[in-house]
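**Q** Take this structure, written in structure tokens, and hold onto it; I'll ask about it next.
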Amino acid sequence: MCALSNSAPPSYTVKLLVPSDDGQKESEQVVTVGADEHILNAANAQGIVLPAMCRQGRCVTCAGRIVGGEVDNSDADMYFPEDRAAGFVLLCTAKPCSDLTIRTNQQDSMRAHRLALGLPAPYA
């Protein structure tokens with residue numbers, strides 16, 4: 001969980017590294033996300049469409065990988081310490097604790113990571 005003051009929650013700049021349709025390049029999409037707001041919801045509200053299915057932090061369709069910064073993923077139904085240690089984040093339930101850079105569309109990598117550790121990997 002993020003440490004927040006009693007004043008109004010801050011907002012953060014989140015850079016999303018989104019792969020091109022052919023997977024050969026990445027574009028950088030920048031969104032402003034409130035400390036009490038899920039990153040996926042903020043991205044969608046600002047016109048950025050990212051993969052998502054359950055929106056409960058369970059299916060890993062919205063998986064990303066943190067390049068820099070900190071998140072709070074405590075709203076997720078199924079997020080493991082091993083996921084955090086490997087830098088994975090579930091964008092549907094993640095809230096920023098700082099400015100961030102996140103590589104999106106990491107669902108296949110996160111599923112492979114979980115399978116290798118014997119953790120639940122829905123739709124793998």
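All of the numbers you see were taken from the coordinates with simple rules; none came from a lab. What you see is a predicted model, and the numbers here were worked out from it, not measured in a lab. Because the Cβ atoms are built from the backbone with ideal geometry, glycine has one as well, and the counts that use them run over all protein chains shown.
**Q** Per q in 0.10, 0.14, 0.23 Å⁻¹, report the Debye log10 I(q)/I(0) for region 11-117, using one uniform scatterer on each alpha carbon and no solvent.
**A** -0.23, -0.46, -1.32
**Q** Using a Förster distance of 25 angstrom, determine the FRET efficiency expected from the C-beta separation of Gln24 and Asp77, and round it to 0.05.
**A** Computed FRET efficiency for Gln24 and Asp77 comes out at 0.15.
**Q** Can you give me the long-range amide H partners of Tyr12? Hydrogens built in the peptide plane at 1.01 Å from N, cutoff under 5 Å, separation of 5 or more residues or another chain.
**A** Val33, Gly34, Ala35
**Q** Anyone know which of Ala112, Ala43, Ala52 comes out most mobile in the 10 Å Cα GNM of the chain?
**A** Sorting by GNM fluctuation, first place goes to Ala112.
**Q** Please give the charge dipole size of the chain, origin at the Cα centre, charges +1 on K and R Cβ atoms and -1 on D and E Cβ atoms. Round to the nearest 20 debye.
**A** 180
**Q** What residue among Glu70, Glu37, Glu26 shows peak mean-square fluctuation when the chain is described by a Gaussian network model with Cα springs under 10 Å?
**A** Glu26
**Q** Same structure, new question: What order do you get for Met53, Met110 when you list them from fewest to most C-beta neighbours inside 10 Å?
**A** Met53, Met110
**Q** With θ taken as phi - 60° and the coefficients 6.51, -1.76 and 1.60, list the Karplus ³J(HN,Hα) couplings across region 114-122 in order, rounded to whole Hz; mark glycine and proline as x.
**A** My calculation for region 114-122 gives 5, 4, 4, 9, x, 9, x, 9, x Hz in order.
**Q** Where does the chain land at 222 nm, in deg cm²/dmol rounded to the nearest 500, when only DSSP H runs of n ≥ 4 count, each adding -39500 (n - 2.57), divided by all residues?
**A** -5000 deg cm²/dmol
**Q** Starting with the highest mean, order 12-18, 93-99 by the number of other Cβ atoms within 10 Å, averaged over the residues of each peptide.
**A** Per-residue mean Cβ counts within 10 Å order the peptides as 93-99, 12-18.
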